[in-house]
Structure formats: C-alpha cells, structure tokens
Amino acid sequence: MPTQVNEIVQNSGDTLFIGLQSYTEAQADIFYGRDEEIDRLTNLIKANTLTIVFGKSGTGKTSLLNAGVFPRLRKDYSLPFRIRLEFNDDSPDLVTQIQNILQSEINKYGFKTETTPSSQTLWEYFHSEPLWKSITPILIFDQFEEIFTLAKKSTRFGNEQQATFWQELADLVENSIPEKLKENFLNNKENINYSYKDQKIKILFSFREEFLPEFESITLKIPSIKYSRFRLMPMNGNQAYEVITKTWKNNINETLANKIVGFFSNDEHANKSYDVMEIEPSLLSQVCSYIDKERNNAGGNQISAEFLDKYPKEIILRSIYDEVLSESNEALNRDENATQGNAKPVNEFLEDKLITDEGYRIKYALHAQDETIRPGIEVLKRKYLLRDEDNSVELTHDVLVPLIKNDREQRRKDIAMATARQRARKRAFQIITGAVVFSIIAAVVIWFLATKKARKDKEVAEKETIQIKHSIDSGNVKLDSIKNQISTYTVNKNDTNQVPALLKRQLKLDSAITTLHEVVQQLTAELTTTKSSSDSLASHSTQVKETLERLIQDSIAAETKYTQLNNTYTTLQNANTQLNANYTTSQSANTQLNSDLNNSKNELTALKNKYDKLNGDYEHLNADFNDYKSKKAQPPPVADVQSPAEDHNLRLSLYSSKNEEIPDNLIIYLIPDIAANKKLIRDSRVYDNHYDFAGLKKAQGSKTAVFDDNAYSFTDVEPGDYFIKICAFYGPYKTITKKSAGNETAPKIDISEILK
C-alpha cells in the first residue's frame with residue numbers, strides 16, 4: 001500500500017517553497033524561473049507611461065511584480081508603490097487610499113518632501129514635488145480587477161466616486177491638465193510653477209485576463225491602455241526545471257528534477273517538449289512544498305529515487321486534491337440544505353460537470369441551480385485548482401483529470417453494486433418468503449385435512465360407542481329381566497308337564513344369554529378398536545405437527561444456505577468487477593495513448609503552421625533587406641549628390657551595454673515628428689516588437705539610415721524634431737531634435753536587447 005500522506009505545507013518556514021503564498025520583495029533571491037518575463041516587463045515599464053499586465057489566475061502576477069520587477073526598478077532610481085485598493089464600508093475614498101499609500105512609503109524611506117499627496121490632485125502632486133525630479137515614481141495597481149468586482153458589491157463606492165478616481169488616473173497617464181486648473185494655466189501660463197510638459201510618473205495595472213474587456217471599455221478616457229501590454233503565461237517545462245534545481249540546489253540531481261517536471265504531464269513516457277508544456281506556478285509550488293516537507297521529516301537528506309518512489313506523483317496530487325476537496329465540502333457543510341443527502345457535493349460537481357466521459361477537461365457555465373455549491377467553488381479557486389472566466393469554470397491543469405475520472409468511475413461502480421445488492425436482497429427475500437409461505441400453507445392444509453378426518457372419525461366412533469353402550473345396557477336389562485322371571489317361577493316338582501317345558505325354556509334362555517354374551521363381547525371388542533382408532537388419529541395429528549415443525553426448520557436451513565450461496569455469488573461478482581475494472585483501466589490507458597498521439601499530431605501541425613508563418617515573415621524581411629542592399633549598392637542620383645562640404649548629416653551613436661559588435665544590416669528609420677506622422681510614431685512607441693515597414697516607408701519625409709565608416713547616419717536632415725526607430729525585436733526608439741544646419745550626432749542608443 002502507498003505511504004500515508006501528510007498534511008500539505010503552506011508555510012515557507014517549513015519548506016524551501018512557499019506553497020500558495022505570493023513571493024515578497026524580500027524573497028527576490030529565491031524567486032526563480034521568470035528571468036525573461038522580468039526583463040521584458042521591466043523594459044516595458046521604463047519605456048511607457050502606462051503598462052497593463054494580465055494573465056490567468058495562478059500564473060504568479062503578484063510574485064513577478066514583488067520579487068522580480070520591484071528590485072530591478074529600485075536599482076534604476078525608481079520608487080514602486082504597490083497599491084491594492086480596499087472596498088470595505090469603512091474604507092476611505094479611492095483617491096485618498098492612493099494618497100495614504102504614497103505618504104506611508106515616503107515616510108518609510110525617510111524622503112524629505114516639500115508637499116504632501118493629500119493637499120492637491122495627483123497630477124499636481126507629481127508635477128510639483130521636487131522629489132520626483134530625481135526619482136521616478138511607479139504606481140503598481142495589483143489585483144486591479146477588484147475595481148469591477150468588489151466595487152460593484154459595495155454601495156460605498158458608487159459611480160460618482162469611481163468617475164473621480166478614473167479622471168485622476170486619466171490626467172496622470174495622458175498628462176492632461178486637470179479641468180479645475182486649465183483656466184489658471186491659460187490666464188497665468190508664465191507664472192505657473194508646474195513642470196507640466198515633463199511626465200516622469202509610470203503606472204501599471206495588473207489584473208486577471210478575463211477582465212481585459214472591462215479595461216477596453218475605458219480606452220476612450222485613457223487611450224494609452226491600448227498600447228503597452230504584457231500577458232503572463234504559465235511556466236513551461238524549462239522554467240519549472242529551473243525553479244526545482246535552483247531552489248533545492250545540491251539536494252536534487254538532474255534526473256530526479258526532470259522526473260518531478262514530468263509530474264505535470266498525464267503521460268510521463270511522452271516525449272513532450274518542455275517548451276510547449278504549461279505548468280501553473282501555484283500547482284508546482286504546492287507539489288514541491290509537499291515533497292520538501294516530507295524530505296525534512298525524513299531528516300533533510302538529498303532527494304533520491306527511492307524517496308520519489310515512496311512519494312510518487314499519484315500520492316502527492318491525491319493528497320493535494322483530497323485536502324482541497326475536503327475543505328471545499330466543509331465550506332458547504334455549514335449549509336445543511338446544500339449537502340442534504342450528499343456527503344461530497346463538490347466532488348460530484350467536478351466529476352459530472354468539468355470532465356467529459358472520455359476524460360478531457362471542459363468549461364462549465366454556472367447556472368442558478370449551482371448557487372448552493374458556490375462556496376465550495378470559491379475554495380477551489382482560492383487553492384488554484386479551478387479558474388473562472390465569464391461565469392464559467394474549468395480545471396487549472398490536465399494532471400487533475402485522472403484523479404477526478406477515477407473517483408467518478410469508482411462512485412458509479414459503488415452505486416451500481418449497491419443497486420445490484422439491493423435487487424439481489426429483494427429477490428432473495430421474495431424467494432425465501434415464497435418458500436416459507438408455501439411450506440406453511442402446505443403444512444396447514446395437511447394438518448387441516450388430517451385434523452378434519454380425525455374429528456369426523458372421532459365423531460363416528462363416539463356415536464358407535466354410544467350405540468354399543470346402549471345395546472349392552474339394553475341386553476343387560478333383558479338379561480336381568482329374564483333372570484327375574486326365572487326367579488319368580490314356582491316350579492312344581494310334582495307337575496310332570498311343567499318340568500319339560502321349563503327345561504326347554506331354560507335351555508332357550510341359556511342359549512339367548514350365551515348369544516347375548518357373545519354380542520356384548522363383540523361390541524366390547526369393537527369399542528376397543530374404535531378407541532384405538534381415536535388414539536391413532538391423535539398420534540397422527542402429533543406427527544403432522546412434528547412434520548410442520550420440521551418444515552419450518554428446513555425453511556430456516558434453506559434461508560441460511562441461500563445466504564451462503566449469495567455471499568459466494570457476491571465474491572465472484574466482485575472478482576468479475578475487478579477484472580472489468582482492470583480491462584477498463586487498460587482500455588483507458590489505450591485511449592489516453594491515442595489521445596496523446598492525436599495531441600502530438602495537432603502540436604506538430606501547429607508548429608508547422610507557425611514555422612510556415614515565420615518562414616514567410618523571414619522571406620518578407622529578406623526581400624526588404626535585399627531591396628535595401630540593392631539600393632545601398634547603387635550610387636545616389638546626381639540630383640541628390642551633396643556637395644563635398646556636406647553639412648546636413650545626422651550621425652547615430654549606437655552602442656551595446658554588453659559589448660557586442662554593432663551589425664551593419666540594421667534597418668533604421670528617421671520620421672519627421674509632424675502632424676501627418678503622429679499616429680505612426682505613437683504606434684511605434686512600443687518597446688518590444690512593434691514596427692510597421694509599410695507605414696514607416698510611407699511616412700512623410702522618412703529616411704533610412706546608411707552604414708558607412710562603421711556607423712549609421714542619415715543624410716540631408718533639416719533642423720527639426722524627429723523620431724528614430726530601429727526595426728527589430730526589442731528594437732528601441734529615440735526622439736531627437738536637430739537644432740541647426742551642419743553635422744550632428746544623435747544621443748546614444750543601447751541596442752543590446754536586439755542582439756540577443
């Protein structure tokens with residue numbers, strides 16, 4: 001039997017992993033696996049006034065900001081303010097909450113300021129306080145979707161207060177002078193003490209991605225929401241491997257680290273690329289927390305193959321799953337109506353609603369009848385086993401599906417077995433009851449018939465006995481009468497005539513008496529026979545009674561024998577069920593293999609499509625590059641040839657902070673900063689990858705840089721404002737002003753990001 005699992009650890013003091021908690025800035029040195037995301041997001045924040053970060057629940061947005069981005073920003077003379085708004089009935093208004101957090105952080109670091117946030121609008125404060133000339137303030141609104149959820153449930157934060165809040169943020173992001181200050185600006189422009197043209201503040205909104213449409217609805221007020229966006233995806237296999245190996249360091253080897261990464265695939269034997277795996281950081285942290293706690297309980301030794309065999313994937317995931325489901329059902333147990341007649345309603349909800357019969361996770365749209373189970377759903381969401389989107393819920397990861405499917409099959413088997421047993425008991429009861437009733441009826445009928453005949457024979461015998469007694473009594477009376485007559489006779493011995501007559505009469509009497517005695521003896525014999533017959537009937541009745549008792553005993557013995565046979569049948573049926581279960585498991589494994597094969601084919605098709613698209617993009621870029629090279633190789637038209645004293649060049653100063661060599665094949669555009677090019681310039685102000693070849697070529701007055709003498713330069717550039725864009729992934733941009741005629745050098749541009 002597998003080792004009994006212990007309680008899941010959620011306390012970072014017990015393990016090297018922190019479970020479901022978010023990483024803090026103090027834990028930055030143990031936050032691994034997100035270096036690429038940290039670099040990209042930090043650069044986006046630096047390059048844009050507003051950045052929005054979104055991702056599914058459980059992907060680690062808060063941890064990325066706290067332990068990844070904040071330390072990077074502080075090194076660059078930036079001060080991040082983490083803001084999580086409150087929506088309690090006694091909470092201050094939203095703008096006041098921001099002002100309180102600003103003042104608290106400033107006091108915490110001991111900065112000396114001339115103004116306080118609460119004395120003016122946010123726009124005035126960030127444009128007038130001298131502190132922000134040397135330090136860049138960054139407002140980080142974490143879990144910002146609550147502005148659309150918790151605020152709606154509270155009467156405290158109505159439309160008017162939210163309108164004020166959004167207006168203050170819009171003025172900050174778009175650098176718009178607040179309405180109440182515009183008249184003063186127009187009338188006293190020369191005496192305004194605000195540096196209103198400069199915009200140093202940065203703002204970031206972080207929220208769950210299902211609320212992205214809600215933020216789209218406020219783009220009319222804050223257009224910048226459309227531009228700088230960062231979507232945080234789940235970790236891939238490589239990142240999970242980095243988390244495991246860097247956290248455990250020398251306590252785990254490469255093979256076992258790969259085995260743990262394999263926990264997050266339903267088929268550990270599938271050659272699934274780590275690049276395409278999707279692993280929820282929260283689930284990874286829970287699994288590793290459990291392993292590390294068991295390691296500490298075992299003495300804190302190195303993780304070995306024997307250790308992982310003792311705590312395999314199934315045991316760990318089962319422990320996490322059972323604990324969370326127990327807590328979810330407990331949340332419902334507080335409501336007796338929700339669990340009436342059902343001990344595990346949350347389990348049945350997952351088994352019946354969130355996976356298909358074949359074992360694939362699906363989304364389920366919640367309905368009014370699901371209200372009773374919502375407390376349990378909230379626990380599953382908080383523990384990151386479930387995510388919701390547009391009133392629909394789904395499992396966070398495929399690794400949970402086999403657990404749920406097995407539980408569902410076992411539940412259905414138990415129900416089927418219980419139903420079969422109930423039917424068998426009912427049938428057995430009917431059979432036994434029928435047999436007993438039949439035996440009793442048969443015995444009663446036999447007893448009744450036998451008793452009836454006995455009673456009838458007894459009555460006949462009694463009548464005959466009475467008649468015989470009556471006859472005997474009559475004979476005795478006659479005999480006595482004859483004797484009396486004889487005794488009354490006076491015989492005259494001298495009368496010779498009477499003597500013969502008397503003698504004859506005496507002989508007749510003697511003969512009659514003899515005959516009468518014979519009759520009496522015969523009647524007496526018959527009476528004895530009748531009495532014997534009556535006794536025989538009584539004995540027969542006793543035998544019938546004994547036969548009836550034996551029939552009842554035989555019926556009880558038959559019921560006992562049936563119970564034994566039924567138990568034997570149940571044992572055989574259980575064995576047959578186990579064989580069917582083994583067959584079903586084998587069939588499920590075969591189905592899963594076919595499913596994984598189809599998934600691999602689909603992934604291969606998707607990768608091929610992606611390759612075809614990238615190849616097309618490459619061919620397009622190569623064509624543009626060849627076109628550029630051919631133009632570069634051709635001498636310029638005579639009409640465009642500058643005089644030897646060429647004095648309108650704008651030379652670029654490119655460098656790499658990582659000391660890479662500057663390539664000679666970069667495509668760099670110079671766009672005049674005029675009204676006709678405003679939209680194109682605005683769209684190109686995305687740091688990571690936005691560049692539009694067609695648009696840049698067609699921009700009014702655009703020029704392409706030429707590489708010569710180990711440097712890039714633009715020829716014949718008149719004085720004015722220009723926008724420079726390097727066309728490459730992570731390609732930077734620069735806004736410059738050419739002040740006068742003559743050769744000039746633009747400010748330095750770091751291109752290390754595009755040389756990765």
Q: Test I106 against the stated conditions and say whether it is at pLDDT 90 or above and under 18 Å from L204 (Cα atoms).
A: no
Q.
Need pairs with beta-carbon distance below 7 Å; first residue closer than 16 Å to F81 by Cα and within the range 36-65, second open to solvent by 10 Å² or more (accessible area, probe 1.4 Å) and assigned to a strand (DSSP E or B); sequence gap 6+ or separate chains.
A. I45/K202; T49/K202; I52/R229
Q) Does any residue in the range 168-186 that is touching a residue at least 24 places away in the same chain (Cβ under 8 Å) and farther than 18 Å from K226 by Cβ come within less than 8 Å, Cβ to Cβ, of a residue that is open to solvent by 40 Å² or more (accessible area, probe 1.4 Å) and of a type in the set (F, W, Y) six or more places away or on a different chain, and which pairs are these? A) I177/Y196
Q) Name the residues in the range 691-715 that are open to solvent by 60 Å² or more (accessible area, probe 1.4 Å) and out of contact with any Phe, Trp or Tyr (no Cβ under 9 Å at 6 or more places or on another chain), would you? A) D692, K698, Q700, D708, D709, N710, T715
Q. Within the group A163, A151, which residue is of a type outside the set (S, T, Y) and in contact (Cβ under 8 Å) with a residue 40 or more places away in the chain?
A. A151
Q. Of these, Q592, Q564, which one is open to solvent by 70 Å² or more (accessible area, probe 1.4 Å) and either modelled with pLDDT under 70 or part of a helix (DSSP H, G or I) (or both)?
A. Q564
Q: State which residue pairs qualify: first residue farther than 14 Å from Y109 by Cβ and inside the range 67-94, second residue surrounded by fewer than 19 Cβ atoms within 10 Å (Cβ to Cβ) and aromatic (F, W, Y) in any location, beta carbons under 9 Å apart, and separation of 6 or more residues or different chains.
A: L94/F87
(Q) Suppose we keep only residues that are open to solvent by 40 Å² or more (accessible area, probe 1.4 Å) and closer than 30 Å to T155 by Cβ within the range 53-95. Which one would you say is modelled with the highest pLDDT? (A) R82
Q | Matching residues in the range 238-287 - criterion: being at pLDDT 90 or above, open to solvent by less than 10 Å² (accessible area, probe 1.4 Å) and under 17 Å from E36 (Cβ atoms) | A | A240
(Q) It is to be established whether one or more residues within the range 3-15 are modelled with pLDDT of 75 or more, touching a helix residue (DSSP H, G or I) at 6+ places or on another chain (Cβ under 7 Å), buried (at least 16 other Cβ atoms within 10 Å of the Cβ) and outside any helix (DSSP H, G or I). (A) no
Q. Is it the case that some residue within the range 670-681 is open to solvent by less than 20 Å² (accessible area, probe 1.4 Å) and closer than 23 Å to D39 by Cβ?
A. no
**Q.** Meets criteria (open to solvent by 60 Å² or more (accessible area, probe 1.4 Å) and over 28 Å from A623 (Cβ atoms)) for D721
**A.** yes
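Going through I101, I140 one at a time, which residue ends up being within 20 Å of F207 (Cβ to Cβ), modelled with pLDDT of 90 or more and in a helix (DSSP H, G or I)?
None of the other options fit; the residue is I101.
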Q. In the range 359-392, which residue that is over 27 Å from S319 (Cβ atoms) and outside any helix (DSSP H, G or I) is modelled with the lowest pLDDT?
A. D390
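The values are calculated or read from the model by the stated rules, or taken from the named source; none is laboratory data. As the structure is a prediction and not an experimental result, all values here were calculated from the model. In this analysis, Cβ positions are derived from the backbone assuming ideal geometry, glycine residues included, and neighbour counts consider all displayed protein chains. Please note that ligands, DNA and RNA were not included when accessible areas were found on the heavy atoms of the full protein model with its side chains. Shrake-Rupley method; radii C 1.70, N 1.55, O 1.52, S 1.80 Å.
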